[in-house]
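The values are calculated or read from the model by the stated rules, or taken from the named source; none is laboratory data. Computed from a predicted structure; not experimentally measured. Please note: Cβ atoms are built from the backbone with ideal geometry, for glycine as well, and neighbour counts cover all protein chains shown. Accessible surface is based on the protein model in full, side chains and every heavy atom, while ligands, DNA and RNA are left aside. Shrake-Rupley method; radii C 1.70, N 1.55, O 1.52, S 1.80 Å.
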Amino acid sequence: MSDDRPDQPPSDEPAEEPRQPSAEQPELERPEGEHRPQWRQTLAILLSNRAAAVGLVVLIVMVLTAVFADQLIRFPINEDNIANRFAPPSADHWFGTDDLGRDVYSRVVMGARVSLQVAAISVTISLVAGTLLGLIAGYRGGWLDTVTMRAVDVAFAFPAVLLAIALVAVFGPSLRNTMIAIGIVFTPIFARVVRGSVLSVREDLYIRAIRSLGASDGRIILRHVLPNVAAPVIVQTSLSLAFAILLEAALSFVGAGVQRPTPAWGLMLADAQRFIAQGWWLSVFPGMAIFVTVMAFNLMGDGLRDALDPRQRTLIEARGAGGGEDE
Amino acid sequence: MSDALVTVDDLSVYFPVGRRRDGTAVKAVDGVSFEIAKGETLGLVGESGCGKSTTGLALLRLVEPTRGSVTFDGIDVRELSARDLRRWRRRAAMIFQDPYASLDPRQPVGEAVGEALDIHDLHQGKQARRTRIGELLERVGLHPDVAERYPHEFSGGQRQRVGIARALACEPDFIVADEPIAALDVSIQAQVMNLMAELQRDLDLTYLFIAHDLAAVQHVSDRIAVMYLGRIVELADRIDIYRSPQHPYTQALLSAIPVPEPTRERSRRRILLEGDLPSPMDPPSGCNFRTRCAEVFEACGRVDPALAPVTDGHEAACLLHHDQGQAVERSHHPDAREHQKA
Amino acid sequence: MADDPILSVRDLHVSFRTKRGLARVVRGLDYDLHAGETLAIVGESGSGKSVSTLAMTKLIPMPPGQVSGEVWLGDDDLVPLSEKHLLHYRGRRIGYVFQDPMTSLNPVHPIGRQLTEGMRYHLELSDEEIRERAIDLLQKVGIPSPEKRLDDYPHQFSGGMRQRVVIAIGLSCDPEVLVADEATTALDVTTQAQIVELIGRLQDELGMGVIWITHDLGVVAGIADRVLVMYAGQVVEAADVDALYARPRHPYTVGLMRSLPVLGDLERRDLASIPGLPPSPTALPEGCAFHPRCAFRDDDRCATEAPPLRDIGDGHLIRSFYEVPEEIAQEAAAEARIEIEPPDADDVGDAAAEVGSRSGRGGET
Ligand SMILES: Nc1ncnc2c1ncn2[C@@H]1O[C@H](COP(=O)(O)OP(=O)(O)OP(=O)(O)O)[C@@H](O)[C@H]1O
Ligand SMILES: Nc1ncnc2c1ncn2[C@@H]1O[C@H](COP(=O)(O)OP(=O)(O)OP(=O)(O)O)[C@@H](O)[C@H]1O
Ligand SMILES: [Mg+2]
Ligand SMILES: [Mg+2]
């Protein structure tokens, strides 16, 4: 059955001697598929998640509102107008007026600035402090780790609101102190998240591989550990921003937070409850602002969790979902 | 051997187990000695968990040895300060088994290669760095414009080549390759082995090639060390070890490897090992292998055989080959074996 | 083989819907498996080996997976059957043994429970009988004092022992067909030798057909009666084991053999690697799926027309317009041949040696 090849097609002329398997240098290779920068892939995955996309849009609107609050308000926010108290929503006063006749719409808009600012600054404090603690504890280990994590456990034993109130009680109520208090309350959360991730990343093979090149600890932490714990930290940041807004509202509500007449959402809600019978709009609009913002941060946090996981991405790529726009 | 680049003497690595320091330890590597000549490839084979990776890591001080010494080109590696150790790493690189796990998932592959250059200040300026990264990628058969891509975009074989490019960036003299082909497809394994061989020729590299696939090890190595339970049981030239294996474990290992020949495979009578690998926490007394050895005799439980020359350049750690008079007590004496069973 | 096959696969197609498009993972698979026969499926990672066997009993996620074609097990075609009906086939008539002994066992249950689960469902036996059978099975797969080990958890077993348990589970309901999917890949060669020997012995005892999926051409040589070489979801070469190793005729198979390092090769011949990568199942090349990597031929025809699977004599099938020339085929086969006799049980006396399970079977085929 061997030498003659009955099935050889007629086109097989002697000129076309079969090529010998070549030992020649194979040409340079590229991975298959189109390359897109990592942030674009992350964004693509984030936006393919509808809930997260909605969250993102809401947050962008909120941030723009906070930034351009001065242009967006329709009345000076602290101008009393007793004659026009408790006016229901109308063409003039979109969200109605409050017990002092102030425009609720303008105060909610300005409140976005206050609330987001409190949230952003307090979360930044905890992010920096917590990440630092977590990194050191996780990477160094030993007694440093034990001590740090004991402290974190103690902090966790108290409910966040109580702890925050206690701290404000010590520092004295003010906008600045509210931010510091919330920052301190959240620090252990970040420390714990970061430490956990560092502990797992530290054992990853690529860390050992980079050490084998002669990299110093500082370089390993900055260039490899930090970027690889960034994902859970970013997610935690988003969730914490939501929680910070709630906490600020709660603190203001009990009078331990932002002080009158600053238009913070929580404070407005606190004042509104006394007049619940006079006007639903007093509580509904600030309440909605809180709800929507908190929701948006949460949705985005969940979306980011998926979008930032490179293993997840490989999975999606392998299954063919990542490449959105190619056929 | 006077031209040894790497000399390992009595290297041991024990991992303490549990929190209590009661002395229980995994004896991952237990008194291993060998030399690797400049330009040579030493293959290290053995079953999973026998301590191959740990040997490689300890050699580069990526885990701290418990005992013993490693000399690299006259440098006592265990004496290096943290700072000198980092600087020394330039000369001795490592390639890992899992080409995905050994690359930072958030670092483009060009950066992974470039980082090695940065660490040791091996480039002048951004442009030079870029060019060098391109050269290195090209050297391993990848297109220079893939530098911006992330590891997850590459296939297994391509990732492994990135790992090799990174190892080459420091222009090392010595590379420990820990199962560099185990995770790859057969047709891709040859690509990587050929590449490593070519690089060795061109760059005068010295390799410690770790694998469990004896055929692959034999293909790339000049000499081969067989490990069992933390020890080297036999060390010989790549052909010798195959032509005349001296240690019963090596014989069993070779006999177990299937070869791509149907007629021969069907008629082979394999030496099947009985029982399981003993725990490295509590290895048997005397010779490690005696619990599974077909040729065991009474002295094996008492005497711990050292690696000793059998013929020129062929060493084995087995009492059968030691000149101390026990050699006559071969397993063929039925009563000798009875002793052991007790 | 004159007797009727116990398993006949005809024109099996499996695809997955993905965002990149339809991934055609298995594209028209045909084969027969006879009682007592071992069919080896070899091929690169992703060539569809696992999916093709999983799809027989729809053990793939559906959707996104979809299966078409015919899978005849005796007189039943499994493809149209519903999930509920398939339960009577999975484990009962087709047993599976998967690659990783770590993950195919549930760490939180004792092995006895995992071993008897299938039997409780499929076999009408009393608890006492099931227990006896479990002990018997563990005995068969070579676990010492099995009655004491039924209540042990997976972590109390070594890797090799765990794989024996997994095999016992695969065999627990007396399947007609056993699919061993990379059943020894995660194991050491010495353990692999034990497991290969074990499955061969059980096969002789129980007369089942075995589909052995692996990428190790050495293992295949020892166990297979017939071999399917898969590439990009298709069989590219199929032949009786001796014919395939003596004269591989498809460029891919030849490339595979030439890229294999061989034990005891004295002068260290160059390994001929196959350049490039296998195609992605969502972007299969036009024409012959192998042509972009083919070292022998790629003319217009290869690039435009898909070659059919054709018989080149004695049931040796290749999917290629051109077969590799006889001389090169034989050269490739010769290169893969070892040059020094490996040590054998005869060399060390007969104490621990066991006759290779296959020695008696060579003449059968
Ligand atoms: N960090 C560690 N802590 C405790 N035990 C360890 C550690 N690393 C390795 N071991 C143990 O040391 C022994 C040797 O491990 P090693 O990884 O060197 O084996 P290996 O020969 O490379 O195996 P494989 O072929 O599976 O890679 C094993 O028993 C392993 O469990
Ligand atoms: N659920 C799924 N969705 C999409 N694609 C899938 C799915 N399962 C498997 N595939 C694809 O099917 C193809 C064949 O996979 P399969 O597991 O059969 O390969 P294999 O030949 O067994 O490879 P290996 O040797 O790696 O086990 C692969 O390209 C894989 O990505
Ligand atoms: Mg290892
Ligand atoms: Mg598979």
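Summary table
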| read-out | value |
| --- | --- |
| Residue selected from the range C:81-124 under the condition open to solvent by 40 Å² or more (accessible area, probe 1.4 Å) and among the polar types (S, T, N, Q), by the criterion modelled with the highest pLDDT | C:Ser82 |
| Scan of the range C:176-219 for residues that are charged (D, E, K, R), more than 11 Å from chain B (Cβ to nearest Cβ) and in a loop (DSSP other than H, G, I, E, B), ordered by number | C:Glu176, C:Glu182 |
| Residue under evaluation C:Gly69, criteria (1) at positive phi; (2) in contact with a Lys or Arg (Cβ under 7 Å, 6 or more places away or on another chain); (3) away from ligand 2 (no atom under 16 Å from the Cβ), criterion not met | (3) |
| Top-ranked residue in the range A:48-84 [being charged (D, E, K, R) and part of a helix (DSSP H, G or I); ranked as nearest to the chain's Cα centre (by Cα)] | A:Arg50 |
| Filter pass, B:Glu261 being away from chain C (no Cβ under 14 Å) and within 19 Å of B:Leu214 (Cα to Cα) | no |
| Tally, over the range B:202-216, of residues that are within 12 Å of chain C (Cβ to nearest Cβ) and either open to solvent by 50 Å² or more (accessible area, probe 1.4 Å) or in contact with a Phe, Trp or Tyr (Cβ under 7 Å, 6 or more places away or on another chain) (or both) | 2 |
| Answer from C:Gly65, C:Gly36 - the residue that is open to solvent by less than 10 Å² (accessible area, probe 1.4 Å), more than 16 Å from ligand 3 (Cβ to nearest atom), more than 14 Å from chain B (Cβ to nearest Cβ) and not aliphatic (A, V, I, L, M) | C:Gly65 |
| Among the residues listed as B:Leu184, B:Leu203, B:Leu195, the single one being within 16 Å of ligand 2 (Cβ to nearest atom) and either in contact with a Gly (Cβ under 6 Å, 6 or more places away or on another chain) or in the same structural domain as B:Phe72 (by TED's automatic domain parsing) (or both) | B:Leu184 |
| Odd one out for B:Glu274 among (1) surrounded by fewer than 21 Cβ atoms within 10 Å (Cβ to Cβ); (2) farther than 19 Å from C:Gly160 by Cα | (2) |
| Strands (runs of 3 or more DSSP E) (entirely within the range C:231-344) containing at least 3 residues that are within 13 Å of chain A (Cβ to nearest Cβ) and over 24 Å from B:Pro258 (Cβ atoms) | C:309-311, C:317-319 |
| B:Asn194, sole failed condition from (1) on the phi > 0 side of the Ramachandran plot; (2) touching a Leu at 6+ places or on another chain (Cβ under 9 Å) | (1) |
| Which listed residue is more than 9 Å from ligand 2 (Cβ to nearest atom), at pLDDT below 90, open to solvent by 10 Å² or more (accessible area, probe 1.4 Å) and away from every other protein chain (no Cβ under 14 Å), from C:Leu59, C:Leu22 | C:Leu59 |
| Candidates B:Ile181, B:Ile164, B:Ile188, filtered to the one that is more than 13 Å from chain C (Cβ to nearest Cβ), within 28 Å of C:Tyr231 (Cβ to Cβ) and outside any strand (DSSP E or B) | B:Ile164 |
| C:Gly170 vs. criteria small (Gly, Ala, Ser) and either in a strand (DSSP E or B) or within 14 Å of another protein chain (Cβ to nearest Cβ) (or both) | no |
| Hits in the range A:89-104 - residues which are under 17 Å from A:Ile276 (Cα atoms) and buried (at least 17 other Cβ atoms within 10 Å of the Cβ) | A:Pro89, A:Phe95, A:Gly96, A:Thr97, A:Asp98, A:Gly101, A:Arg102, A:Asp103, A:Val104 |
| Qualifying residue in the range A:92-105 (condition: modelled with pLDDT of 85 or more and under 26 Å from the mean Cα position of the chain (by Cα)) | no |
| Some residue of the range B:45-64 being over 16 Å from the mean Cα position of the chain (by Cα) and at pLDDT below 95 | yes |
| Answer from C:Asp188, C:Asp174 - the residue that is under 27 Å from C:His122 (Cα atoms) and either open to solvent by 30 Å² or more (accessible area, probe 1.4 Å) or among the charged types (D, E, K, R) (or both) | C:Asp174 |
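For (1) open to solvent by 40 Å² or more (accessible area, probe 1.4 Å); (2) modelled with pLDDT of 85 or more, each residue gets a yes or a no:
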position: C:Leu256; (1), (2): no, yes
position: C:Asp265; (1), (2): no, no
position: C:Asp270; (1), (2): yes, no
position: C:Ala283; (1), (2): yes, no
position: C:Phe290; (1), (2): no, yes
position: C:Asp298; (1), (2): yes, no
position: C:Ala303; (1), (2): no, no
position: C:Ile312; (1), (2): no, yes
position: C:Arg337; (1), (2): yes, no
